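Some notes on the structure that comes next.
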Amino acid sequence: MGREGKMKRISLLLIVGLLFLLASTAVFSQSTANHTVTVTVSIINEVAITGGNFTLTINTATSGSDPDDATDATTCDLSWTTNEATKKITVATDLAAPVFGLTVEAQNVSGGTAAAVVTLSTTATDFVTGISTTVGTCDLAYTASATAANGTGSDNHTVTYTLTAG
């Protein structure tokens, strides 16, 4: 091998060595950083009514009978969200001495179990039970009733639904 061949060989070795040094410097000069991200979920208990205020009007009767009931099962719905176990929804009215009857029933319930038809009073009464870490909905079916002896007039109820420990 001549001098020219040795020079080419040395040049090639120098180039390969230089490339190796550059590559290893790039690998060893990398830097990283990290941090911790904590996700915290607080207690969530929400209940809402969709629909709005409405009037139940009793205006018909069969001769010889008390007035016919007025019903509405389509105007309002109730929805709830909870990430806690063992919850229920209660219902109450603010009207202490109503002249006319008013009941409410949870229909088409998802995310809990409907209680029986509730005659509204100022005492909170179970409305939907068995609620646990869920989202749920139901239709609110109201029925107003009167007797002929009740006469005429109006009762104004503020109906309150409460998501509470069950």
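The values are calculated or read from the model by the stated rules, or taken from the named source; none is laboratory data. Everything numeric here is computed off the predicted structure, so don't read it as measured data. FYI the Cβ positions are ideal-geometry reconstructions off the backbone, even for glycines, and counts take in every protein chain you see.
For VAL47, which of the numbered conditions (1) surrounded by 10 or more Cβ atoms within 10 Å (Cβ to Cβ); (2) part of a loop (DSSP other than H, G, I, E, B) fails to hold?
Here VAL47 clears every test but (2).
Which of the residues that make up the range 109-125 are polar (S, T, N, Q) and outside any loop (DSSP other than H, G, I, E, B)?
SER110, THR113, THR119, THR125
Can you name the number of the only condition in (1) out of contact with any Cys (no Cβ under 9 Å at 6 or more places or on another chain); (2) without any contact (Cβ under 8 Å) to a residue 40 or more places away in the chain that THR50 fails?
(1)
Answer yes or no as to whether LEU120 is assigned by TED's automatic domain parsing to the domain that holds THR60, surrounded by 14 or more Cβ atoms within 10 Å (Cβ to Cβ) and farther than 30 Å from ILE43 by Cα.
In short, no.
If you check LEU95 against the conditions, is it in a strand (DSSP E or B) and not charged (D, E, K, R)?
no
Conditions: (1) assigned by TED's automatic domain parsing to the domain that holds ASP126; (2) modelled with pLDDT of 95 or more. VAL39 meets all but one. Number of the miss?
Among (1) assigned by TED's automatic domain parsing to the domain that holds ASP126; (2) modelled with pLDDT of 95 or more, the lone unmet condition for VAL39 is (1).
So LEU56 ticks every box in (1) surrounded by 11 or more Cβ atoms within 10 Å (Cβ to Cβ); (2) free of Cβ contacts under 8 Å to residues at least 40 places away in the same chain; (3) not in a strand (DSSP E or B); (4) not charged (D, E, K, R) but one. Which box is left unticked?
Here LEU56 clears every test but (2).
Yes/no matrix, rows are residues, columns are (1) over 37 Å from the mean Cα position of the chain (by Cα); (2) farther than 22 Å from ALA148 by Cβ:
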| position | (1), (2) |
| --- | --- |
| VAL37 | no, yes |
| THR40 | no, yes |
| ILE44 | no, yes |
| THR50 | no, yes |
| ASN59 | yes, no |
| ASP68 | no, no |
| TRP80 | no, yes |
| ALA97 | no, no |
| GLY112 | no, yes |
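So ILE15 fits all but one of (1) outside the structural domain of ALA144 (by TED's automatic domain parsing); (2) part of a loop (DSSP other than H, G, I, E, B); what number is the exception?
(2)
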